[in-house]
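Below: the structure, in structure tokens.
The values are calculated or read from the model by the stated rules, or taken from the named source; none is laboratory data. This one's a predicted model, so the numbers in the text were calculated from it and none came from an experiment. Glycine gets a Cβ as well: all are built from the backbone with ideal geometry, and neighbour counts include every protein chain shown. When the accessible area is computed, the model is the full protein with side chains, heavy atoms only, and any ligands, DNA or RNA have been set aside. Shrake-Rupley method; radii C 1.70, N 1.55, O 1.52, S 1.80 Å.
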Amino acid sequence: MGWGRVRTAWGEFYAAASARGIVALRFPGEFPPEPATSSPPLVDALARELAEYLEGERTSFDLPLDLVGTPFQRTVWMALREVPYGATVTYGELARRVGRPGAARAVGQAVGANPIPILIPCHRVVPRAGGVGGFGPGPDWKARLLALECHGL
């Protein structure tokens with residue numbers, strides 16, 4: 001696995017890739033656990049796709065992912081990939097979609113453990129009570145991503 005820099009108009013992200021796919025994405029200000037090296041080819045491809053997404057020119061990602069997590073986490077992450085661009089879902093609804101209607105809290109924990117935000121669009125999960133809810137990189141990032149998708153900002 002190797003880390004590389006992903007420069008965008010929104011700042012410098014870091015991403016990790018294995019031979020099988022993208023493993024992790026870190027937001028500007030979140031540094032990787034090991035120094036960025038020469039970018040693996042998949043990180044270079046991610047740089048192009050992420051720039052297109054952040055410029056409002058892309059609504060989905062075509063890159064392979066190498067998901068490392070529990071079977072339940074991977075199930076939740078795959079369900080997140082089914083939430084359409086510009087749409088949101090509540091934690092409870094996502095729990096129903098994965099066949100665990102009483103497990104909204106466990107779903108929230110799996111969402112929070114997502115190692116590849118944006119590509120696995122955890123920013124599209126909102127609380128039932130309203131507002132944007134939590135997001136690892138911060139609520140400002142989440143609001144900005146939702147605004148991009150919903151309003152083209």
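List of remarks:
- Per-residue extension of 0.36 nm, minus the Cα-Cα distance of residue 90 and residue 140, leaves a gain of 16.1 nm for this segment.
- Most fluctuating residue given options 137, 71, 41, as computed from a GNM of the chain linking Cα atoms under 10 Å: 71
- Cα gyration tensor, the stretch 16-92 - rounded (a/c under 1.5), prolate or oblate: oblate
- A dipole drawn for the stretch 45-88 from +1 and -1 charges on Cβ atoms has a positive end, and of 70, 54, 80 the residue lying farthest that way is 70.
- Accessible area per residue for the stretch 4-153 is 49 Å², calculated with a 1.4 Å probe on protein heavy atoms, without ligands, DNA or RNA.
- Near the amide H of residue 126, within less than 5 Å, lie the amide hydrogens of 89, 90, 91, all on another chain or at least 5 residues away, with H placed in the peptide plane.
- Share of carbon and sulfur in the accessible heavy-atom surface of the stretch 1-148 [1.4 Å probe, %]: 51
- Of the residues 121, 84, 33, the one that moves most in a GNM of the chain with alpha-carbon contacts below 10 Å is 33.
- For residue 24, residues with placed amide H under 5 Å, excluding near neighbours: 16
- Between the labelled values [x] 25, 18, 13; [y] 27, 16, 14; [z] 22, 17, 14, the entry that holds semi-axes √(5λ) of the Cα gyration tensor in Å as derived from this structure is [x].
- Rounded to 10°, Cα long-axis angle of helix 71-80 versus longest principal axis of the chain: 90
- Mean separation of Cα contacts under 8 Å, 6 or more apart, over the residue count of the chain: relative contact order %: 19
- Residue-by-residue Karplus 3J(HN,Hα) for the stretch 2-15, coefficients 6.51, -1.76, 1.60, Hz, glycine and proline x: x, 9, x, 7, 10, 8, 9, 5, 8, x, 9, 8, 10, 9
- Peptides ranked, highest mean first, by Cβ atoms within 10 Å: ranges 140-151, 16-27: 16-27, 140-151
- Stokes-Einstein diffusion of the stretch 57-147 at 20 °C, 1.002 mPa s viscosity, Kirkwood radius from Cα pairs, rounded to a whole number: 162 µm²/s.
- On full extension, the segment bounded by residue 82 and residue 58 gains 7.1 nm, given 0.36 nm per residue less the C-alpha separation.
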